[in-house]
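Next up is a structure, given as structure tokens.
The values are calculated or read from the model by the stated rules, or taken from the named source; none is laboratory data. Source: prediction; values computed, not measured. Virtual Cβ from ideal backbone geometry, glycine too; neighbours counted across all protein chains shown. The protein model used for the area step is the full one, side chains on, heavy atoms only, and it has no ligands, DNA or RNA in it. Shrake-Rupley method; radii C 1.70, N 1.55, O 1.52, S 1.80 Å.
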Amino acid sequence: MRVLVIGCGRVGAGLALALAERRDTVSVVDKDIRAFERLGERFDGHTVEGIAFDRDVLEQAGVARADALVAVTGGDNSNIVTARVARETYKVPRVIARIQDPRRAVIYEQLGVMTVATVGWTLGKIRDYLEHIPLKEEDTFGRGEVTLVRLELPQHLVDRSVKDIEDGGGLRVVSITRHGSALVPDAGTALAEGDVVRLAVQANTRSRLDDLLSEEARR
């Protein structure tokens, strides 16, 4: 996996070292060249000095080929701008931003940017986001026969129709949140990059959802 880590503070450096240790290709960006000292001499990734949301800096760091970008500088605004540039301009599949203000975090999650806060999160949580499609169970109904799940649409389902998802039974697309606005789709609605999809899933057909999400790995 090719990962850009934006910000080489304690969290950014720790994440970069952990990713490099498992042999991911890692680039680290920070505006202060002295911050790279946290990485130590054994770090074999790429470092770039500069302002995180500067497109020239991002391109030098390899954003056009990145599988993921994690923005963990000390400033919400820098992280938000960098995350949006990565998501909207360079179409980076997985984007995570550290955002301290919970009200803003909700907004950006609706726009397809996964957020982490300053309290109650770990490097392990970020690594989980990088490796897994963000899927969250939000509610259950009856005796657990039906579950409402929140899915951040993975790249391999972009341009598929709601009918494609529901075909075979047991899955129903309840709503789609797109650019901050929600809609109730019909069978012909096409899914788009950045969509947050809520699905009702029947317990005895949960394996269909797992199969749908694992299609990318089989390609």
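At 7 Å along Cα-to-Cβ for each site, give me the label-to-label distance between S181 and N204 in nm.
4.0
Calculate, for H46 and E88, the FRET efficiency according to 1/(1 + (r/R0)^6) with r their C-beta to C-beta distance and R0 22 Å; round to the nearest 0.05.
0.40
Let me ask something additional. May I ask you to compute the full-extension gain from Q155 to R22, defined as 0.36 nm times their residue separation minus their alpha-carbon distance, rounded to one decimal in nm?
Full extension of this stretch gives 45.5 nm more.
Need one number: nm distance between label points at N77 and V146, each 7 Å from Cα along Cα→Cβ, rounded to one decimal.
So the two model labels end up 4.6 nm from each other.
OK, next. Run the accessible area of the stretch 1-68 with a 1.4 Å probe and give the carbon-and-sulfur part as a rounded percent.
On the stretch 1-68, the fraction of accessible area on carbon and sulfur atoms equals 42 percent.
Sort the following peptides by mean Cβ neighbour count (other Cβ atoms within 10 Å, averaged over residues), highest first: 157-165, 40-48, 74-82.
With the highest mean Cβ count within 10 Å placed first, the list reads 74-82, 157-165, 40-48.
Also, I was wondering about something else. Skip the ligands, DNA and RNA, and give the accessible area per residue of the chain with a 1.4 Å probe, whole Å².
52
Tell me, what HN-Hα J-couplings in whole Hz come from the Karplus equation 6.51 cos²θ - 1.76 cosθ + 1.60 at θ = phi - 60° for each residue of the stretch 141-148, using x for Gly and Pro?
With coefficients 6.51, -1.76 and 1.60, one gets 10, x, 9, x, 5, 10, 10, 9 Hz.
Spin-label point model (7 Å from Cα, Cβ direction): what's the E137 to D167 distance in nm?
2.8
Turning to a different aspect of this structure: Considering the values (1) 32; (2) 20; (3) 13, which represents percent of Cα pairs over 33 Å apart as calculated for the structure under consideration?
Answer label, from the structure shown: (2).
Quick query: amide H of D195 versus all other amide H atoms, modeled in the peptide plane; which residues come in under 5 Å with a sequence gap of 5 or more or a different chain?
It is L153, by chain and number.
What ³J(HN,Hα) values, in whole Hz, does the Karplus curve 6.51 cos²θ - 1.76 cosθ + 1.60 give for the stretch 35-47 when θ = phi - 60°, with x put for Gly and Pro?
3J(HN,Hα) across the stretch 35-47, in whole Hz: 5, 5, 4, 5, 7, x, 6, 8, 5, 10, x, 10, 10.
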